[in-house]
1. Of A:Lys195/B:Lys58; A:Lys195/A:Lys240; A:Lys85/A:Lys347; A:Lys94/A:Lys196; A:Lys307/B:Lys44, which pairs sit farther than 19 Å apart, going by alpha carbon to alpha carbon?
2. Measure out, as a whole number of angstrom, how far apart the alpha-carbon centroids of segment B:70-84 and segment A:330-356 sit.
3. Would you please classify the overall shape of segment A:285-326 from the alpha carbon gyration tensor, given that a ≥ b ≥ c denote the square roots of the eigenvalues, rounded means a/c under 1.5, and beyond that prolate means a/b larger than b/c while oblate covers the rest?
4. Please list, in chain and number order, the residues 5+ apart from B:Phe111 or on another chain whose amide H is under 5 Å from its amide H, with Hs placed from the backbone.
5. Sort the following peptides by mean Cβ neighbour count (other Cβ atoms within 10 Å, averaged over residues), highest first: A:231-244, A:293-306, A:139-152, B:62-75.
6. Karplus couplings for segment A:187-197 from phi (6.51 cos²θ - 1.76 cosθ + 1.60, θ = phi - 60°), rounded to Hz, Gly and Pro as x?
7. Given contacts defined as C-alpha pairs under 8 Å and at least six residues apart, what's the relative contact order of chain B, whole-number percent?
8. What is the set of long-range amide H partners of A:Ser295 at a cut-off below 5 Å, with H atoms built 1.01 Å from backbone N?
Amino acid sequence: MGADIEQDVYWKSAQTLSRILKESIRVSPDNTVATRSIVRCNKKEIGHSMSGRPNKRFPVRRVKALPLVIAGALLASCATMPTAKLSTAAALAKAGEVAASQMQRNVTISSASLDLFVKAVAFNDGFNATPAAAGSTTLIANVKVIQGNLVQYENLLQSLSSAYSAMDDLAEYGASTDLDSAVSNLASDTETFSKKVGKEITIPADVTKGLQESGNVVVGSVQTGKVIKASAQIESILEKIVAILSEPTVRSAITPIQPQLQGVVGQAAFILYTQGVYTYRPILDELGAPLGLESSSNADAIVRSNKRVEAGLAGVVNQTVNSQIASATEAYDQGLAALRALEQQHKKLQSGEAITLQNLSDIVANLRALAQVSAPPTTGIAK
Amino acid sequence: MSTVMPDSASVLSSLAAAADAARQAYMTALQANPGQDLSPLYAKEMAAMNAWSGATAKALGPNPTVKAAQADLDTATNGVRGDLATVKSVAAWVTRLDNLVQLAVKVAGYFV
């Protein structure tokens, strides 16, 4: 065991020195030698990552004790070190984590949103002088059942994000401690989600074990091997998640709830808008912005005295509600596209091909934009 | 006449669309009649919402006649959507939504 650790440290030492050498003699495009500082590289490479996070796979105390001659002798091996694969895996893991987190944000109808929905229904009931027992009680109960499916979907996405985070730790720092549990949680949450939405599956046990066998901190080829195995495990589960989410019944059991909830909340806001509770000025200013126009302080009075202008602005509000509804459905499809893109990149990583993250990055940007449409920073119409 | 069963996703989608159309009708009527009592319309909207939300928690039963019922519901939904630009009267909307809700409830009844 101790010998293994020492060997790993020597191996890593050679890897680091090789990188330092490469860094220090890197030639710039105009054929002049770059002036990178070896000292700076040492600090970055040996003790800490760029973010200041302790570099778990390369304890600095051991490095100081290494005879340079041994490390130097190992430099020849460095040319074949699979660092590129580790970097690629780390990039994929980071992208996966970002995508899963963004999807989670898009999916989330937080308890606060559900509270808002319940309040909106209560307002709508009151405004229409309709007792809850005449309809909304059943609606809220039904929506809470659907909400349960979504919570499990969120859990799944959280687990996916955590699995990618653990894969990143492994690729970046050689830390494999969290990976087994992260992959197991992902498998478990996938199974639970599949059951919730009536598409029950079982993740085979061999998909979720085996990473922990050779220690908590790994380097070199062991590290690369583990990263590739982790990638295969995540991909295997991802494939099942994509299959479930691609089922039309699952899509329709999940996507309508957000549009319908937003529709009800939007309806309450629209009712208040038509009753003149809110100021029209944000909409007026938005429409006038391209021409540099701003509403005047008596704009609301003018609008309320002009039914045609008022009707036009009500149309804008109505359209905004509808855009928010459409964005929730689109977010589901974009999320599925993100998972499919990740699946493809896992395959490339494992087969040694270069990965391309631009498509995934575009999808995540779309998801962000859709999340903003769904939940604008200044909700409601009031200024 | 084909007796092929539509899948439950498609039928749920029709129910969701009907609920959405009912809400649109309510908002259109409200926009045209901001001071009027819209409670009859609201009751119809709630009924359409419940038809959809109740069905989502159930499974579509093996009854091929659902296809014709779904087609009728889709026709009514499209009819409501088509009327959004022209119909302003609350009473006219109540009549239209009454038909829509009856069809939605019928379709939701296929989920058991």
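1. Values: A:Lys195/B:Lys58 14 Å; A:Lys195/A:Lys240 13 Å; A:Lys85/A:Lys347 13 Å; A:Lys94/A:Lys196 29 Å; A:Lys307/B:Lys44 28 Å.
Correct reply: A:Lys94/A:Lys196; A:Lys307/B:Lys44.
2. 39 Å
3. Details: a/c = 2.89, a/b = 1.35, b/c = 2.14.
Oblate.
4. Placed amide hydrogens put B:Gly61 under 5 Å from B:Phe111.
5. Details: A:231-244: 19.9, A:293-306: 12.9, A:139-152: 17.9, B:62-75: 15.9.
Going from most to least packed, we get A:231-244, A:139-152, B:62-75, A:293-306.
6. Whole-Hz 3J(HN,Hα) from phi for segment A:187-197: 4, 5, 5, 5, 4, 4, 4, 4, 5, 4, 9.
7. On the way: 136 pairs, mean separation 49.2, N = 112.
Relative CO of chain B lands at 44 percent.
8. Close amide H contacts, sequence-distant or interchain: A:Asp285.
Coordinate-derived values only; no laboratory data. This is a predicted model, so every value here is computed, not measured. We place every Cβ from the backbone using ideal geometry, glycine too, and count neighbours over all the protein chains shown.
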